[in-house]
Amino acid sequence: MRTPLHHATATRLRTALRALALCAVISPAICVAQNAVIDGFIPTSDLPSRQLDLSSATLRTGKVLMTDGQNVDIYDPATRAFSAGAPLMVSHNGGSPATFSTTLLADGRVLIAGGGQGIASAELFDPTSGISSLTASLNQGRQSHSAVRLLDGRVLLTGGEVWDDDAGRWQQVASSEIYDPQSAQFVATGSMNHPRLFAFANLLQDGTVLISGGLTANADGSISYPLTVEVFDPATGIFSDTADMAGVHLTSTSTATTLRDGRILFTSGASAEIYDPVLANFSPAGGLQEIRNYHSAHLLPDGKVLVVGGWNGTTTASTELFDPLTGSFALSGSMLSPRHRHGAASLGGGRILVAGGSNWDGTGNFGDSYLDSAEIYTSDAVFMDGFDGH
């Protein structure tokens, strides 16, 4: 008669087996090391070239599309390698972060729209062929806009800026439009109450969309950061104001992450706050342990949020975890390389791919700091060697 394993021993064994399987997927060479610990960041293959401000989409195949608005790279978790894809049909790269939008459609294709100095062009990336093709143009050429897929599969694009020939300058806009994958057309919808660019658009559980933050360029050349927030109702096409933010100024340097319970965590600099759609209000969250801009934030399977890298006068390799149960941030492991303005995407199972960006330290030529390296975060932690069954 076999003696049942002690609960703690059985748990350690199951965890070790999961880690061994994870090693086979990510980096077998690392896992042969004695006492290997699978927690934090491990290296993976480099990007085909040094790249900054990568926009990402996790495809239904598990692969990851990364693009700077012109070049396309595909990461395959099975081979742990990047491959260069066919370039986009037109350049959507406007020379700064988030000028174009990248939205995964329900059928697995990716809509890439606008950007590139306010162009109206849009195209669809087909993961089966690995090639993009032009689709209908936007009703209004725009860059630095927001985009989000609605529950019915359509895509809302709102705000941003357009070139005003009469004024001879860029003009932020409140106009919005919706892309319908079935008709392959853009159709105008209601306008925001407040023109803004670099804003966030987060889908709420009831199908409405929260529009928050961003910035407004004023006629005198100054910049203001609106605390106003509005909600878009796809059923009516109307934007309605809701409670103002508590104080976080959101731009392309910040993050907005939807938590498992439907609330949204915003991080900017050293500040954080949470929007509760049930109460329709914002409340401060515990401050970050370090100042961060141009970082990324990712929801993990356990409900925590991983905040990665960023800029605080220099580029940091540190990360921290936000726990929604305690409402606090705690420092976590560091990346293998400091980086900000990087690309990042979920690989599933608590793994996050982080690639490219810059490791600039504030001195020298910024262009020389672009990175081609990539690494993977995994939240599985085990003691690999020395398992003795006790």
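Computed from the coordinates by the stated procedures, all read-outs in this text should not be read as laboratory data. Model, not experiment: these values are computed from the prediction. So basically every Cβ, Gly included, is an ideal-geometry build from the backbone, and we count neighbours across all protein chains shown.
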Query raised in the report: Which cross-chain or sequence-distant (5 or more) residues have an amide H under 5 Å from the amide H of Ser101, H modelled 1.01 Å from N in plane?
Result: Ala113
Requested in this report: Would you kindly give the portion of the calculated P(r) for the stretch 88-242 that falls above 26 Å, as a percent of all Cα pairs?
Outcome: 22
Report summary line: What helix-only [θ] at 222 nm does the chain give? Using -39500 (n - 2.57) per DSSP H run of at least 4, over all residues, to the nearest 500, the answer is -2000 deg cm²/dmol
Requested in this report: Would you mind putting 186-198, 215-227 in packing order, based on average other-beta-carbon counts within 10 Å, highest first?
Outcome: 186-198, 215-227
**Report entry** For Val72, distant residues with modelled amide H under 5 Å away
**Finding:** Gly85, Leu88
Requested in this report: Working from Cα positions, state the angle (0 to 90°, nearest 10) between the long axis of helix 7-26 and the longest principal axis of the chain.
Outcome: 60
Query raised in the report: Per-residue HN-Hα couplings for the stretch 148-163, Karplus 6.51 cos²θ - 1.76 cosθ + 1.60 at θ = phi - 60°, whole Hz, x for Gly and Pro?
Result: 8, 7, 7, 4, 8, x, 6, 10, 8, 10, 9, x, x, 9, 10, 7
Report summary line: Given 122-129, 173-180, the highest-first ranking by average Cβ count within 10 Å works out to 173-180, 122-129
Query raised in the report: So, by mean Cβ neighbours within 10 angstrom, what's the order for 49-55, 347-353 with the highest one leading?
Result: 49-55, 347-353
